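These notes concern the structure reproduced below.
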Amino acid sequence: SQDSLTATVEVYTGAQSVVLPCQYTEELLELVTVKWSRFDLDPNIVHLRREGDDELAQNQLFSGRTSMIFDAQDSGNFSLTLREPQLSDSGDYICSLDEEMLSDVQLHVREWE
């Protein structure tokens, strides 16, 4: 198993988007479920991808604002792009692959002075 990555990302309100990093270095031979979650929210799913992006499971706060690269499964790059970050997006985001935690990203959204 890999060591999970802990990262801190800072962004200002008004930014176009912010990327939360999540990488997997081993080869994936079968389809996996990638889940970005924030445990202080209910539902806690920020972004879910099985065969495609599952918008029904997603917390409405993030509706239409999250995306992952198309070939994430092949590249092992499960980083999440969050568009138009807001102060309320600050928090602790967990990226997991079939329930195994890959990264823990602390996002700090700050007010643009």
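Starting from residues that are under 12 Å from the mean Cα position of the chain (by Cα) and open to solvent by 40 Å² or more (accessible area, probe 1.4 Å), keep the ones in the stretch 22-38 and report whichever is modelled with the lowest pLDDT. Spell out how you get there, then give the answer.
Residues of the stretch 22-38 that are under 12 Å from the mean Cα position of the chain (by Cα), as a first pass: 22-23, 34-38.
If we keep only those that are open to solvent by 40 Å² or more (accessible area, probe 1.4 Å) as well, we get 23, 35.
Numbers: Gln23: 93, Lys35: 97.
In this case the residue turns out to be Gln23.
Out of Glu84, Glu55, Glu10, I need the residue that is farther than 30 Å from Glu113 by Cα and open to solvent by 80 Å² or more (accessible area, probe 1.4 Å). Which one?
On the way: Glu84 fails: farther than 30 Å from Glu113 by Cα; Glu10 fails: farther than 30 Å from Glu113 by Cα.
Only one candidate passes the filter, namely Glu55.
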Per the list (1) of a type in the set (Val, Ile, Thr); (2) open to solvent by 60 Å² or more (accessible area, probe 1.4 Å); (3) modelled with pLDDT of 95 or more, residue check on Ile69 breaks on (3)
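Suppose we filter the stretch 65-97 for residues that are among the hydroxyl-bearing types (Ser, Thr, Tyr) and touching a residue at least 40 places away in the same chain (Cβ under 8 Å); how many remain? Let's see the steps before the verdict.
Kept after step one, since they are among the hydroxyl-bearing types (Ser, Thr, Tyr), are these residues of the stretch 65-97: 66-67, 75, 79, 81, 88, 90, 93, 96.
Checking the rest, the ones that are also touching a residue at least 40 places away in the same chain (Cβ under 8 Å) come to 79, 81, 93, 96.
Number of matching residues: 4.
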So which of Ser90, Ser96 is more than 12 Å from the chain's Cα centre (by Cα) and either closer than 15 Å to Trp36 by Cα or open to solvent by 10 Å² or more (accessible area, probe 1.4 Å) (or both)? Ser90
Mind checking which pairs have a first residue in the stretch 39-59 that is at pLDDT 95 or above and a second that is basic (Lys, Arg), Cβ under 7 Å, 6 or more apart or different chains? Asn44/Arg38; Ile45/Lys35; Val46/Arg38; Leu48/Lys35
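Within the group Asn44, Asn77, which residue is polar (S, T, N, Q), farther than 14 Å from Val19 by Cα, under 12 Å from the mean Cα position of the chain (by Cα) and open to solvent by less than 70 Å² (accessible area, probe 1.4 Å)?
Values: Asn77 fails: farther than 14 Å from Val19 by Cα.
Just one listed residue meets the conditions, Asn44.
The values are calculated or read from the model by the stated rules, or taken from the named source; none is laboratory data. Everything numeric in this text was worked out from a predicted model, so none of it was measured. We place every Cβ from the backbone using ideal geometry, glycine too, and count neighbours over all the protein chains shown. What goes into the accessible areas is simple: the full protein's heavy atoms, side chains included, and nothing from ligands, DNA or RNA. Shrake-Rupley method; radii C 1.70, N 1.55, O 1.52, S 1.80 Å.
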